[in-house]
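What follows is one structure encoded as structure tokens, with my remarks underneath.
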Amino acid sequence: MVEDVWTGPEGTWAYERRGASGPGIVLLHGMMFDRAMWRPVAENLARDHIVVSLDLPGHGASSPRRRYAYDEVATDLDALVRDLRVGDPVIVGHSAAALLATRYAARHPVRAVVNVDQPLAVAELAERLGAAGALDDEQLVQLTELLIASMSLDSIPEPHRALVSPQPTPDVVRGWQQEMLATTPEGLQTWIETSARSITAPYLAVFSREPWPGHDSWLRKLMPQARCEVYNVEGHFPHLMDIARFTASLRDVAAG
């Protein structure tokens with residue numbers, strides 16, 4: 001495993017690279033977490049893939065940015081991917097980072113996209129974030145703590161539970177919110193659906209629980225090539241609840 005820092009136009013990105021050969025897989029953690037959440041997945045996949053897990057800007061050991069606009073972050077992420085020479089990657093995003101992965105795939109070549117526990121119906125989420133935008137720092141931390149509590153971290157089996165360590169930093173949370181607050185909830189929904197429709201690569205969505213009855217059909221109408229896997233487990237981290245199943249699915253996606 002190589003642990004290093006990549007320097008881009010808006011700061012540094014800390015990352016871990018594993019594996020010597022095979023298709024490239026890039027792992028993006030959810031907001032308020034860091035790359036450690038991917039460690040058992042990365043170690044498993046590195047037997048036959050090149051795996052890059054990184055800290056998103058403002059998280060872990062990566063520096064914060066002046067702006068967290070998804071397209072700007074995706075452009076810098078693509079420069080990192082090209083500098084590390086992993087080819088067109090399988091881009092994997094957890095939670096809100098799955099929206100970044102979806103947008104990345106709409107603008108840059110990928111082998112496939114894997115969305116972990118993030119429905120693409122985002123208008124309701126945008127409305128909640130809009131209300132959160134009026135909170136002061138103390139209130140925002142309290143809100144994010146409630147959100148973290150809803151993720152059922154205690155359901156993650158040991159020793160992997162220790163890898164999921166939330167970091168609810170108000171400035172960073174606000175920064176990542178700005179993309180969703182810059183338009184109306186309806187405008188944001190149109191933006192993500194337009195992004196999704198432009199993706200031609202395979203798209204796998206993995207959920208702990210089905211987001212709503214009929215979600216699979218809704219997603220396939222949006223992206224005919226998409227498919228869903230529902231693990232029927234607790235919490236927000238299906239990739240850590242069944243690592244063997246998750247890594248097998250990623251191998252299938254990477255193999256095309």
Item to complete: Using just the helices of the chain, give the 222 nm mean residue ellipticity in deg cm²/dmol: DSSP H runs with n ≥ 4 each add -39,500 (n - 2.57), and the total is spread over all residues, rounded to 500.
Response: -12000 deg cm²/dmol
Worksheet entry | Label-point separation, residue 217 to residue 48 (7 Å along Cα→Cβ), nm | 3.6 nm
Item to complete: Hydropathy first: keep DSSP H helices in the chain averaging at least -0.5 on Kyte-Doolittle, then drop any whose Cα extent along the axis falls short of 30 Å, and list what survives.
Response: none
Discussion item. As a footprinting exposure proxy, order 234, 186 by other Cβ within 10 Å, with the fewest listed first.
Written reply: 186, 234
Fill in: Most fluctuating residue given options 149, 112, 96, as computed from a GNM of the chain linking Cα atoms under 10 Å
149
Fill in: Gain in span if fully extended, residue 200 to residue 137, counting 0.36 nm per residue against the direct Cα distance
18.6 nm
Discussion item. I'd like the Kirkwood hydrodynamic radius of region 2-255, using the inverse of the mean 1/r over distinct C-alpha pairs, in Å.
Written reply: 18.2 Å
Worksheet item: In nm, to one decimal, how far is the modelled label at residue 107 from the one at residue 252, with both set 7 Å along Cα→Cβ?
Response: 3.1 nm
Worksheet item: Which cross-chain or sequence-distant (5 or more) residues have an amide H under 5 Å from the amide H of residue 12, H modelled 1.01 Å from N in plane?
Response: 63
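Rule-based calculations on the coordinates, nothing more; no lab input. All of these numbers come straight from a predicted model, not from anything done at the bench. Using ideal geometry, Cβ is built from the backbone for each residue, glycine included, and neighbour counts are taken over all protein chains shown.
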